[in-house]
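To start, the structure itself, in structure tokens.
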Amino acid sequence: MSYITFKNICKSYDNKTQVLKGIDLEVEEGELLTLLGPSGCGKSTLLRCLAGLEQVQQGHILLERRDITDLDARQRQIGMVFQQYSLFPNMTVEQNMAFGLKIQRLSKAEINDRITEALAMVGLQDKAEAYPAQLSGGQQQRVALARAIVTRPKVLLLDKPLSAIDAKLRKSLQVEIRRIQKQLNITTIFVTHDQDEAMVMSDRICLLNCGKIEQMDTPIAIYTHPRTKFAAGFIGSYNVLEPLEFGRVTGDIDLPAQPIAIRPEVLNIAREKQNLPGTCDIEGTVIDSTPRGNVLRYKVDVNGVQLSADTLFRSFSIYENGSKVWLSLEKRNCLHVEEEAV
Ligand code: ADP
């Protein structure tokens, strides 16, 4: 049964442009759901509507089957972490964390116990007396997380919490947040525009585009079976070919009815034609290559259509720009996708 329900949520800031266009979404208890999508698609707005920081024009939000659409933010029992760490600079870590607990009128002993426990969880036991300015960005964000969970909220909302943190630390914080979320079994909605981060963190991903849901699925399902052109482009860096382009690339006369999506890593690049059963061989010219970690991504021109093809980055087999190559493509790796979400 759904723990949080968004029913037909519509929201605009200026009564002209709709930022959220009828969002229907159910979040299960204990799951980490990621709202993923390009900047400006409405992810933070949806989160802020759930937190009660923004009012919706239409629709309802339910938490544990109770309608909280018009409930004051302070009564929703929702913890939130923002991109900016937003700690009180004139208060120590401990005072920052005690703030929400004092509002809850907990006893001094209970407040101390909870702070000790939450600081241990984020590995900052020895920083209780420190001021925010004495901490690194990563540490401040761990305090912000501890401050959110110390109140034992029903839901944890994380609004691009790692965007301001450098790449290496971001990876370890991703793991840490996921560990704490699982340990507490706390229902969490995480916002990011980074597809890799969404893949690593989430039980499910809700992909948003221009205020609408494009696809909602597990990370693996959304990666291997994107339903729309947008999902294919955003999640797996798929090559998305219109039916005519697909015909130009493969030489097929029977054109597909829908666009076709092909992942870069399923296009096998070689000097010679492969002639393998169930595959088609595509002749092209390398026009560019970019190292992406342990993968080298080639851009190959095929009859005026540019395709991305990934290979493992082995220095002994690099094709120079201008090289004639053959791409072999298994037919089963050609996915039909919708023009747009229905
Ligand atoms: P995302 O989190 O996906 O980047 P947002 O929800 O922050 O997107 O913003 C969605 C759209 O709403 C953007 O076009 C943004 O400019 C606009 N917007 C966000 N907050 C406000 C606001 N307080 N007033 C007016 N427009 C806003």
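Measuring with a 1.4 angstrom probe and ignoring ligands and nucleic acids, residue 273 comes out at about 100 Å² accessible. Cα convex hull, the range 239-336: 93 Å³ per residue, rounded to a whole number. Once the chain from residue 154 to residue 108 is taken as fully extended at 0.36 nm per residue, the excess over their C-alpha distance is 14.3 nm.
Between residue 62 and residue 13, the simple spin-label model (points 7 angstrom out along Cα→Cβ) gives 3.1 nm.
Using the Cβ of residue 246 as centre and a radius below 11 Å, the other residues enclosed give a net charge of -3, where K and R count +1 and D and E count -1.
Taking a ≥ b ≥ c as the square roots of the eigenvalues of the alpha-carbon gyration tensor, the range 38-150 is classed oblate because a/c is 1.5 or more while a/b is no larger than b/c.
For the set 175, 286, the ranking by accessible area, highest first and with no ligand, DNA or RNA atoms included, is 175, 286 under a 1.4 Å probe. The angle between the Cα long axis of helix 93-103 and the main principal axis of the chain comes to about 70°, on a 0 to 90 degree scale. When +1 charges are put on Lys and Arg Cβ atoms and -1 charges on Asp and Glu Cβ atoms, the dipole computed for the chain relative to its Cα centre reaches about 920 debye. Using a cut-off of 14 Å between beta-carbons, work out the net charge of the residues near residue 280 (Lys and Arg +1, Asp and Glu -1, residue 280 not included). For residues surrounding residue 280, the net value is -1. Annotation note: trypsin sites (Lys or Arg not before Pro) in the range 300-342 located in DSSP loop regions with a Cβ neighbour count of at most 11 within 10 Å are 314.
Solvent exposure of the range 142-233, expressed per residue, is 39 Å² of accessible area, with all protein chains present and a 1.4 angstrom probe.
State in Å² the accessible area per residue of the range 239-336; use a 1.4 Å probe, count heavy atoms of protein chains only, and round to the nearest integer.
In whole numbers, the range 239-336 has 56 Å² accessible per residue.
Heavy-atom accessible area for residue 230, with the other protein chains in place and a 1.4 Å probe, reaches approximately 50 Å².
Shown are 74, 114, whose ranking by accessible area with a 1.4 Å probe and every protein chain present, most to least, is 74, 114. Once you order the gyration tensor axes a ≥ b ≥ c over the Cα atoms, which shape class does the range 94-164 get: rounded for a/c under 1.5, otherwise prolate or oblate by comparing a/b with b/c? Note, shape of the range 94-164 comes out oblate. Taking Cα atoms only, the orientation of helix 137-149 departs from the longest principal axis of the chain by about 60 degrees.
Counting protein heavy atoms only, the chain has 48 percent of its accessible area on carbon and sulfur, 1.4 angstrom probe. Residue 225 contributes an accessible area of around 120 Å² to the protein surface, as traced by a 1.4 Å probe with all chains present.
Could you put 218, 279 in order of accessible surface area, largest first, with the 1.4 Å probe and the full protein assembly present?
Putting 218, 279 in descending order of accessible area: 218, 279.
Each Lys or Arg adds one and each Asp or Glu subtracts one; over the other residues with Cβ under 12 Å from the Cβ of residue 75, this totals +2.
The values are calculated or read from the model by the stated rules, or taken from the named source; none is laboratory data. Because the structure is a prediction, the values reported are computed rather than measured. A quick note on method: Cβ atoms are made from the backbone with ideal geometry, for glycine too, and the neighbour counts reach across all protein chains shown. These accessible areas exclude ligands, DNA and RNA; they are computed on the full protein's heavy atoms, side chains included. Shrake-Rupley method; radii C 1.70, N 1.55, O 1.52, S 1.80 Å.
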